[in-house]
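The values are calculated or read from the model by the stated rules, or taken from the named source; none is laboratory data. Source: prediction; values computed, not measured. In this analysis, Cβ positions are derived from the backbone assuming ideal geometry, glycine residues included, and neighbour counts consider all displayed protein chains. Surface areas here come from the heavy atoms of the whole protein model, side chains and all, with no ligands, DNA or RNA. Shrake-Rupley method; radii C 1.70, N 1.55, O 1.52, S 1.80 Å.
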Amino acid sequence: MAKPISMIFEEQKTGEEKNQESIQSLKEHAAENTEALKEAIVLISELQGSGILDAAVSLVKAKEKVAEIAIGQMVRPPVTNMINNAMAAAGALSELDPEFTKKLVNGLNLGIKKADEGLQSNKKASVWDLVKAMKDPDINRTLLFGLNLIKGIGQGLK
């Protein structure tokens, strides 16, 4: 009867053998990805030629100073005010009805076009023109919208 195996010997690779395996693996990967490597080399060459690569390397080397400057700029009151305003505006916009907002923006665009046409005509408005304009349903609708808008703003400012 045979004796049971009581010890298993693992083959220990030398540093040179590990290096040879790494080099062989790199050669295989390079052979599989020849086109990608060529494009990467062209990209790096272009970045080097334009000076962008040097700037990127310098930026990475100075990462601690760059981060310190960026954080210093981010905590300035104008920047924090801008962030707070953007968050407040986003919150307010999330409460608006998208369909109404779309109608309002379309009306604003049309109004700007009409206003530009009016400027181009160089026509002067008289008091009588203003009185007649009050009878125009579009103008009347806009005036009522504006009056209700400023009333709502006033209530919100209490």
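All conditions but one from (1) farther than 28 Å from Leu96 by Cα; (2) modelled with pLDDT of 90 or more apply to Leu130; the one that does not is (2).
Residues in region 123-137 that are part of a helix (DSSP H, G or I) and open to solvent by less than 90 Å² (accessible area, probe 1.4 Å): Asp129, Val131, Ala133, Pro137.
For region 24-45, residues that are of a type in the set (A, V, I, L, M, F, W, C) and either more than 17 Å from Ala56 (Cβ to Cβ) or loosely packed, with under 10 Cβ neighbours inside 10 Å (or both) total 5.
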